[in-house]
């Protein structure tokens with residue numbers, strides 16, 4: 001496979017179990033950069049052994065961390081993957097074939113499809129896990145990540161190229177992994193709300209659960225994936241409710257912000 005003038009960027013923290021597979025799935029990238037926020041496992045050593053240049057950066061929040069990572073790339077075109085994601089052989093071949101024309105053209109981003117493995121197998125119907133379309137390939141002068149602490153998005157001006165083959169996502173190996181991520185993501189989102197002065201509408205929590213569950217189970221077809229789909233719908237709905245309950249606590253008891261920060265830091269969930 002030809003080597004192309006593109007940088008693969010991965011942000012990490014304790015991803016020793018995943019990082020090698022992620023890096024090795026992009027054999028055509030001329031540069032691979034891992035921006036690590038202080039792993040205390042073998043992430044850094046494994047990344048170096050698999051051809052990456054590792055840069056340390058204390059955690060800035062997802063959006064800011066990705067924007068910092070962008071500044072570390074030496075090539076204008078950048079491919080971003082999370083450590084628990086990797087290119088399928090089909091997508092690697094498609095990118096290798098089409099990227100020379102994309103790099104030479106005026107596109108701002110490339111839209112990739114993500115396929116998710118959940119509870120040990122691919123989901124078949126649930127829309128966000130079957131063919132979620134994400135901007136993960138971009139020209140560094142034509143696109144920039146939002147500065148959100150969590151649920152960041154890529155903003156761009158110009159034309160987008162779309163690719164057909166999927167990349168793979170190993171979604172939360174277990175439900176405990178998922179629940180720990182929920183605690184972390186909810187805390188970050190609530191801090192964003194607090195800075196913006198969003199009203200605390202805790203009375204909406206029951207309605208939010210019903211609406212969120214219905215959306216995931218019916219509109220997004222989770223129900224067709226059987227019990228795994230119902231689990232996905234339930235965890236999505238409880239996450240939506242928990243954020244609102246936790247935000248109400250932050251507003252009602254401001255001291256809880258730092259108290260929660262301290263306990264999350266002790267468990268490596270606030271960085």
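The values are calculated or read from the model by the stated rules, or taken from the named source; none is laboratory data. Treat the numbers as computed from the prediction; the structure is a model and nothing was measured. So basically every Cβ, Gly included, is an ideal-geometry build from the backbone, and we count neighbours across all protein chains shown.
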Taking residue 179 as meeting all but one of (1) assigned by TED's automatic domain parsing to the domain that holds residue 214; (2) within 18 Å of residue 4 (Cα to Cα), write down the number of the exception. (2)
Which residues, counting only those in region 44-60, are over 21 Å from residue 96 (Cα atoms) and touching a helix residue (DSSP H, G or I) at 6+ places or on another chain (Cβ under 7 Å)? 46, 47, 54, 57, 59, 60
When residues of region 99-127 are filtered for being in a helix (DSSP H, G or I) and surrounded by 17 or more Cβ atoms within 10 Å (Cβ to Cβ), how many remain? 2
Picking from 205, 165, which residue would you name as being in the same structural domain as residue 78 (by TED's automatic domain parsing) and in contact (Cβ under 8 Å) with a residue 40 or more places away in the chain? 165
Looking at residue 114, is it touching a strand residue (DSSP E or B) at 6+ places or on another chain (Cβ under 6 Å), under 22 Å from residue 215 (Cβ atoms) and at pLDDT 95 or above? yes
Using the structure shown, decide if residue 77 is at pLDDT 95 or above, in contact with a helix residue (DSSP H, G or I) (Cβ under 8 Å, 6 or more places away or on another chain) and either within 24 Å of residue 2 (Cβ to Cβ) or buried (at least 20 other Cβ atoms within 10 Å of the Cβ) (or both). yes
Inside region 49-74, can you point out the residues that are surrounded by 15 or more Cβ atoms within 10 Å (Cβ to Cβ) and part of a helix (DSSP H, G or I)? 62, 63, 64, 65, 66, 67, 68, 69, 70
Among the residues of region 130-150, is there at least one that is modelled with pLDDT of 95 or more, outside any strand (DSSP E or B) and buried (at least 18 other Cβ atoms within 10 Å of the Cβ)? no
